[in-house]
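The block underneath contains the structure these notes are about, expressed in structure tokens.
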There are 2 protein chains.
Amino acid sequence: MINFTELSRSYLNLIWKIINMHTSQYMLSTLKEISTDVEVISHQLMLRAGMIRQLASGLYSWLPTGLQVLRKVEKIVREEMNNAGAIEVFMPIVQPADIWQKSKRWVQYGSELLRFIDRGARSFVLGPTHEEVITDLIRNEICSYKQLPLNFYQIQTKFRDELRPRFGVMRSREFLMKDAYSFHTNQDSLQITYDVMYQTYSNILNRMGLQFRAVQADTGSIGGSVSHEFHVLADSGEDYIVFSTSSNYAANIELAEAKDQVILRADPKEKMRLVDTNEACTLAKILEKFAIPVEKTVKTMLVRAKKNAIHPLLALIVRGDHHISDVKAAKILQVAAPLNFASEEEIRLFFGTRSDYIGPVNLQVPIIIDRSVAVMSDFTAGANADGKYFLGINWERDLPLPQVADLRKVSAGDRSPDGKGTLQIKRGIEVGHIFQLGTKYSDAMKAYVQNEEGRNKTLIMGCYGIGITRVVAAAIEQNHDDKGILWTESLAPFNVAIIPINMHNSFRVQQIAEEVYQQLKARGIDVILDDRKERPGVMFADMELIGIPHLLVIGDYNLNTGNIEYKNRRNGNKKIIKLGAIVDFILSEMATSFYKC
Amino acid sequence: MINFTELSRSYLNLIWKIINMHTSQYMLSTLKEISTDVEVISHQLMLRAGMIRQLASGLYSWLPTGLQVLRKVEKIVREEMNNAGAIEVFMPIVQPADIWQKSKRWVQYGSELLRFIDRGARSFVLGPTHEEVITDLIRNEICSYKQLPLNFYQIQTKFRDELRPRFGVMRSREFLMKDAYSFHTNQDSLQITYDVMYQTYSNILNRMGLQFRAVQADTGSIGGSVSHEFHVLADSGEDYIVFSTSSNYAANIELAEAKDQVILRADPKEKMRLVDTNEACTLAKILEKFAIPVEKTVKTMLVRAKKNAIHPLLALIVRGDHHISDVKAAKILQVAAPLNFASEEEIRLFFGTRSDYIGPVNLQVPIIIDRSVAVMSDFTAGANADGKYFLGINWERDLPLPQVADLRKVSAGDRSPDGKGTLQIKRGIEVGHIFQLGTKYSDAMKAYVQNEEGRNKTLIMGCYGIGITRVVAAAIEQNHDDKGILWTESLAPFNVAIIPINMHNSFRVQQIAEEVYQQLKARGIDVILDDRKERPGVMFADMELIGIPHLLVIGDYNLNTGNIEYKNRRNGNKKIIKLGAIVDFILSEMATSFYKC
């Protein structure tokens, strides 16, 4: 053992601090090549930049560079939540089954809820969210309306046993989430906190320098009434979100109402006639042959009805050029999304044909049609027999008008549901979701407080989530180029990289690089010095891949004139800077670009 | 929705910040009464002070006051680990079975390892430590000796399925741990990092203001050779640790060698004789009747031998006044600690008597005796028959001398194993443990790097753990009085509590309290203002229970003369302070008491 009475603590600190953020003493772990089955760009770049590594499907270790970013996301979220008066707590990941049974989600949640037993054969779950735990906690701690409203949050690991974990940390099984839960005695109070959270989430994403939109959304398995999703805009987003060209209207495409114009159905012009093709003939060919536009056809989908329904199957019909909304249809059918479509085997068994040939005429199951289908006339559909189609179908002449509902996803150019302007569609990555839960959990778990009259009043709840790990991936999806990641100033793992040229053969370069490093460090700037014995090209490529916003190149060729070279990662601008002016220059660059994308 | 274009962000911040650390907008959650089955004082105080709540056996939610302390522990640990050049990473809690099978701990770890299957029937564990994950990670990232040494750490949730979770967060199932893992190509390099970690752990506990000792320890199920435990000293500690009066020697009692003086065994003076008592007669009565001191008796314990041993049972014998060391005995028997003692049923079956009457004479199993037993003469032991004892037994006359080993725990006053001085015994709570692992994991998991000659070299590892959540409980075990917790300055949830007297009827008190709060806050001091409508006695009791080091009492009775009253929580000293001098006074009190207990 070294005698530490001789090695003073400050001396040790000195040794280690100096070598701390030098690449030689850091695990940079950049990769030139990665497996070709990595689908999305953020996943590719996070692997290549040495941010994450996969341990198993949907399970990732965060390497130093990735963790630096993750901690910055956490810090921004924590500060803004604190500013919004939310109180931080920390609840267990492992949760006992009994509270999930009380809320009924033990059954409802489905197989994404990982259930297991401990050594004593007691049942537990790995928490995918914490509504049950916080409600159980609060009903024991809070007894009077006077203590409310309160809003609690935590930043904690969650687990969802995804059927198909994919896209790296975008849809992993274990992930970090900031989840908050607010408690109220009336709806007005909930609305105020909900609005504060809406604003807080906007502040958080603004501070991160991300382009985002908040949209009306479905409440899904969490429950409740009102909810908004926060989407980081990115061409690769899994979700489609719609906006009005002329108002503040914004919603998830699954939820946006299709305001189909209530126009009168045109009178029939054609007779209904059966076309018998050979089996190989596709609908497309029929349409071509008879010059029928796709808007004059319908798609008929067979889905499983809710339990104990009279008919096990139902037919949902939308126009040929439209897409069904799972969320809208599931609500109408009173089943959980996503929809459960009948298989080809079942269709063959029940209807004696393929799904392609299913149509509404003489179909022996209940039918629901989209509003836009209700106004069609002289349309084409399958005839429920192999190779056969009906042309010139008309409602109320050839078959009764079935139940009509809003079933489809809106399309670009549709009227905005608020009547103002038309809809645009963009792709987004959902990073946040806020809900007005109402009394779903407090009713089930008997969470009451005494009101002004001393009577029991069921708590009204809100809940508010941000995917901490997912934000990192979403930021990359929005901010990258062909060289790598383009970090915004507030999320960059390091704001400045020092690249010394030929430092291992030039004492001057080594000395100046170290001096600049210490100067920047002393001003609180996150800086990394690349002191590896690598060619300048390798160092450049690595720092650009990792996405460090500001690069400082130090070499004898410039030091001779007392200068160094600066390069901006995002716009590629280069500049020669005097040695003495570096810190001020960097601080000014950081300040002007701070919230910019 | 409130129109946020009107409510500017800074205005919102202002509203919320002001109400932030006032008890009326905080969840204080102190309790007067708690369940009587809560055993240890830290657990009692953490419940009463509103720091934690139990969700289920061994699972705790951290309430705001507890989390404040936990975050301070984390911050100190993180800063000191960074200062020591360790690099932070973040690894999954859920770990696939295959890496545990590779290291063989899948079987070895026993039932504390929580194993489960996911929806695809693949096997996983909830990580109790991360040796496997980090070794798997590093063997893929590091390829050359030039990249080493490296030391990685994380602060992450662990899970151990304790048979009997108890003492609150002291022995919970889910807990936070700082675990670090270092990688080397030679023992000298490991020794340097090990020594740095030893010093870092000392720095961490010193900064927390805790009295502690580092002691030599057993390596247990983690494996490896050298290890040290860090114990916070507390009368309630579960562990016994021993120190020399005259040297630096310190060890866990299970490990400390009993340096029994090698003196010649005295010649037999008595004849061996059988005493036949009635069954109800205890050993104590025999000793009394024949005036035999307890040092002249032996205790014989029957334990299960290792698998495939010729005899399934073994006898271990220590002197009547000594205690067997599980760890020492387990090493000699080559079994895992704790020892597996034969049951009374088994003893009756094999030997036809009770365990009380078992003794070495004519015992038909292998015997190992403690060194101090080997030098006994004319001693007393059971005669392996109900109610019968032998008196005056002598080795090598009445029975052969069996195998001799160091089996017992040392006693206070024993010679120090280093030959310098005698041993003292204290009780401690293990909060940290550092290990020289060697190649246990890197061998099993094929973690190699290329050495100077380009050949594969197995990595040499160290690992270093601190129980983040346990430190909080240990600090309380060491620092409390009959009123509640006595926080050290660096761990206190708040350093200052403002207690306004009759504030809801005195605008002046309210105004001054708020001003003092803002002044302290502006200087970065963690302060809480108790603005509840409670009697002064209730507020005092709560703040003393929670353990806030500095109390400021603001009331009209003192404001009339421009003063407030200060009370020091630890020493009870009171002082009248001028209004304008409060901040400086508090800063000076904090500075002088910062590292003090």
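Structural remarks
- Checklist (1) closer than 30 Å to B:Q187 by Cβ; (2) in contact (Cβ under 8 Å) with a residue 60 or more places away in the chain; (3) not β-branched (V, I, T) applied to B:G454, failing item: (2)
- Filter result for B:V335 (part of a helix (DSSP H, G or I), outside the structural domain of B:G110 (by the TED database) and either β-branched (V, I, T) or in contact (Cβ under 8 Å) with a residue 24 or more places away in the chain (or both)): no
Here's the yes/no breakdown for (1) in the same structural domain as A:G467 (by the TED database); (2) at positive phi; (3) open to solvent by 10 Å² or more (accessible area, probe 1.4 Å):
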| residue | (1), (2), (3) |
| --- | --- |
| A:G359 | no, no, no |
| A:D370 | no, no, no |
| A:N384 | no, yes, yes |
| A:F390 | no, no, yes |
| A:E396 | no, yes, yes |
| A:D418 | no, no, yes |
| A:L423 | no, no, no |
| A:Q436 | yes, no, no |
| A:D443 | yes, no, yes |
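- Considering residues of region B:111-135 that are within 7 Å of chain A (Cβ to nearest Cβ), surrounded by 15 or more Cβ atoms within 10 Å (Cβ to Cβ) and touching a residue at least 40 places away in the same chain (Cβ under 8 Å) only, the residue nearest to B:P165 (Cα to Cα): B:L114
- Test: residue in region A:183-193 that is at the interface with chain B (Cβ under 10 Å from one of its Cβ atoms) and within 26 Å of A:K426 (Cβ to Cβ): no
- Whichever residue in region B:161-182 is within 12 Å of chain A (Cβ to nearest Cβ) and aliphatic (A, V, I, L, M) and, among such residues, is nearest to B:R139 (Cα to Cα): B:L176
- Inter-residue pairs, beta-carbon under 7 Å, first farther than 14 Å from B:T135 by Cα and in region B:99-110, second of a type outside the set (A, V, I, L, M, F, W, C) and open to solvent by 100 Å² or more (accessible area, probe 1.4 Å), 6+ apart: none
- Some residue of region B:115-128 being in the same structural domain as B:K178 (by the TED database), more than 28 Å from A:P64 (Cβ to Cβ) and among the β-branched types (V, I, T): yes
- Qualifying positions in region B:136-150 - in a loop (DSSP other than H, G, I, E, B) and facing chain A (nearest Cβ under 9 Å): B:I142
- The single condition among (1) open to solvent by 30 Å² or more (accessible area, probe 1.4 Å); (2) of a type in the set (A, V, I, L, M); (3) more than 20 Å from A:Y441 (Cα to Cα) that A:V226 does not meet is (3).
- Tally, over region A:118-135, of residues that are of a type in the set (D, E, K, R) and within 12 Å of A:C463 (Cα to Cα): 2
- Of the numbered criteria (1) at the interface with chain A (Cβ under 9 Å from one of its Cβ atoms); (2) under 30 Å from A:T30 (Cα atoms), the one B:Y153 fails is (1).
- Close Cβ contacts (under 8 Å, 6 or more residues apart or on different chains) running from residues in region A:61-88 that are more than 8 Å from chain B (Cβ to nearest Cβ) to residues that are charged (D, E, K, R) and in a helix (DSSP H, G or I) comprise A:I76/A:R207; A:E80/A:R207.
- The single condition among (1) surrounded by fewer than 24 Cβ atoms within 10 Å (Cβ to Cβ); (2) more than 19 Å from B:T488 (Cβ to Cβ); (3) in the same structural domain as B:R470 (by the TED database) that B:L59 does not meet is (3).
- A:E39 modelled with pLDDT under 95, more than 8 Å from every other protein chain (Cβ to nearest Cβ) and under 30 Å from A:A336 (Cβ atoms): yes
- Some residue of region B:97-104 being more than 11 Å from chain A (Cβ to nearest Cβ), part of a loop (DSSP other than H, G, I, E, B) and surrounded by fewer than 19 Cβ atoms within 10 Å (Cβ to Cβ): yes
- Qualifying helices (runs of 4 or more DSSP H) (wholly inside region B:487-597; at least 2 residues being open to solvent by 10 Å² or more (accessible area, probe 1.4 Å) and of a type in the set (S, T, N, Q)): B:507-522, B:582-593
- Checking each residue of region B:200-213 against the condition of being of a type outside the set (D, E, K, R), assigned to a helix (DSSP H, G or I) and in contact with a Leu (Cβ under 7 Å, 6 or more places away or on another chain) gives no match.
- Annotation: of all residues in region B:340-357 being part of a helix (DSSP H, G or I) and touching a Gly at 6+ places or on another chain (Cβ under 9 Å), the one that is least open to solvent (accessible area, probe 1.4 Å) is B:Y357.
- Only residues that are touching a strand residue (DSSP E or B) at 6+ places or on another chain (Cβ under 6 Å), open to solvent by 20 Å² or more (accessible area, probe 1.4 Å) and part of a loop (DSSP other than H, G, I, E, B) were counted in region A:445-478, giving 1.
The values are calculated or read from the model by the stated rules, or taken from the named source; none is laboratory data. These numbers were taken from a predicted model, which means no experiment stands behind them. Neighbour counts are summed over all protein chains in view; Cβ atoms, including those assigned to glycine, are modelled from backbone coordinates with ideal geometry. Just so you know, the surface numbers come from the protein's heavy atoms only, side chains and all, with ligands and any DNA or RNA stripped out. Shrake-Rupley method; radii C 1.70, N 1.55, O 1.52, S 1.80 Å.
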